[in-house]
Amino acid sequence: MPPTSRPSALPRRPAGFRNRRIVPCAPCVQEKACASGRTTEALRTHAIVLRGLTENRSRIRDALHAGVTNGIEVASRLTTTQCAAPQSVVQGPRRARGMQIQYRHWNAAHGWRGANALREPAQLVLYFGGREGLAGGERYRELRGFYPDSHIVGCSTGGQIHGDDIADDVIVAVALHFARTQVRVVNETIESRDASRVCGMRFARQLAAPDLAGVFVLSDGLNVNGNELIAGITEVLGPDLLVTGGLAGDGNRLKQTLVGADGEPQPNRIAAIGFYGASFRFAHGCAGGWDVFGPRRKVTKSEGSVVAELDGEPPLDLYTRYLGEEEVAAMPGSGLAFPLRIHDEAAPDRQIVRSVFAVDRDARTLTFAADIPEGCTAQLMRANFDSLAAGAGEAGRQARSALADGIAGDKLAILVSCTGRRKVMGQRTQDELDAVAAELGDDVVRIGFYSYGEIAPPAATGRCELHNQTMTVTMIAEAAA
């Protein structure tokens, strides 16, 4: 049986299941019964046995949820979805080879744990973790020991997503073996934000090839102009090539972010992964779910990410009038709950979200997490938890719908959501992960991170953008031969 993405702590299946379906459909049971001369009573007995085995599996899952199975503490809480093997594993031996996934996770108490090794070497390993866990490079060196010949790429985050869970003290990793896809990794240290566009163009020239099928980018989250980085990549590769990814995070500290690509994670680093071949499948979804309020206002004065005037008025005065002195006194933290939606009148379908990054109380200006062009229009937004969760679900729906049929092997979803969304939603953050899971289904392995910026094309334009306060979902798979 091919290796699965399930942690090794899962109990064995009941004897006799092996690679069969867990619950055969009724017509199959009836057909086999007729062929063997079984009576109606025999069929009833067979159904009772299946029901008992299913209930037993439910009890096992309940024990896993409580963190204990057979008296052994599980390293991390496992959810129902994580307990379920990918559909391609449960249903039996594969007839067509495709991508295979091995999942690992690390914490300080138990070190690395994970599924059985891949039968064939991984071409790519992705990992996400907190800055403290990645600093010093020890975790990278351990991964290099597991995968000596693989590309290993990862970054620091504002929280790691693994399955249905969010964790700050866990490092998550997936090793990917592709049957018919080639992988290329490029990376460099950027000297200044002003070099972001040139860096993107250099990356694109190194990755460019006739069979390039998609690019996934991980970038420093504090010292790179994400808009310019993406502009440089798309200028060379064209707007039709799918580019997704995210900016590394550092929780709520905003001190330093780390990116690693075939080396120890470092600040001021950018990495891009190119995927090549006709069998590679790369799908995405992108949605926010914020509610707008108040009129649209013109950005009458701005420079880069600093907005000096909205309709001729200092933006801090506008925020004070709408939100009150108490909320404004708590900015920029409180400003995460009130981002701006930016409209480009030259491209009516282009609407992006920008969150407050810093405040200059003397100049009454606001600095946002990415550029806001002078002359565009802006509108205040506010959080509605149900709408935010629904927006995340929409991103999952878009990604799953865009993934073509005929997939062989495992399927991976990389969720990149905004650190600001997590701070605003608090304990309700789990709702957005549940909404994505409901759309993707149980046969998709899910990892990801909370970021300082999300990279994906919005559905309305198909043009790659840097987002704030947005859930993005990137799906990776291979087609059957």
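Note on the stretch 377-409: among residues that are under 16 Å from the mean Cα position of the chain (by Cα) and either assigned to a loop (DSSP other than H, G, I, E, B) or of a type in the set (S, T, N, Q) (or both), the one that is surrounded by the most Cβ atoms within 10 Å (Cβ to Cβ) is Q398. Looking at (1) of a type outside the set (S, T, Y); (2) over 26 Å from Y103 (Cα atoms); (3) crowded, with 24+ Cβ neighbours inside 10 Å, which one does F449 not meet, given that it meets all the others? Looking at each condition in turn, F449 falls short on (2). Is one or more of the residues making up the stretch 467-475 in contact with an Asp or Glu (Cβ under 8 Å, 6 or more places away or on another chain), more than 27 Å from R354 (Cβ to Cβ) and at pLDDT 95 or above? For the stretch 467-475, residues in contact with an Asp or Glu (Cβ under 8 Å, 6 or more places away or on another chain), more than 27 Å from R354 (Cβ to Cβ) and at pLDDT 95 or above: absent.
With respect to (1) under 23 Å from V353 (Cα atoms); (2) surrounded by fewer than 20 Cβ atoms within 10 Å (Cβ to Cβ); (3) of a type outside the set (V, I, T), the lone exception for D442 is condition (1). Screening the candidates G263, G289 for the property of being surrounded by fewer than 16 Cβ atoms within 10 Å (Cβ to Cβ) and part of a loop (DSSP other than H, G, I, E, B) yields one hit, G263. Filtering the stretch 266-286 to residues that are over 23 Å from E228 (Cβ atoms) and either more than 20 Å from the chain's Cα centre (by Cα) or assigned to a loop (DSSP other than H, G, I, E, B) (or both) leaves Y276, G277, A278, S279. Selection of the stretch 140-166 for residues being surrounded by 22 or more Cβ atoms within 10 Å (Cβ to Cβ) and acidic (D, E) yields an empty set. Restricting attention to the stretch 300-340 and to residues that are on the phi < 0 side of the Ramachandran plot and assigned to a loop (DSSP other than H, G, I, E, B), the residue that is modelled with the lowest pLDDT turns out to be G333.
Being touching a strand residue (DSSP E or B) at 6+ places or on another chain (Cβ under 7 Å), touching a residue at least 60 places away in the same chain (Cβ under 8 Å) and assigned to a loop (DSSP other than H, G, I, E, B) holds for only one residue in T461, T474, and it is T461. Restricting L412, L466 to those that are in the same structural domain as G238 (by TED's automatic domain parsing), assigned to a strand (DSSP E or B) and under 19 Å from W290 (Cβ atoms) reduces the list to L466.
The values are calculated or read from the model by the stated rules, or taken from the named source; none is laboratory data. Since we're looking at a predicted model, the values are computed, not measured. Cβ: placed from backbone, ideal geometry, glycine included. Neighbour counts: every protein chain shown.
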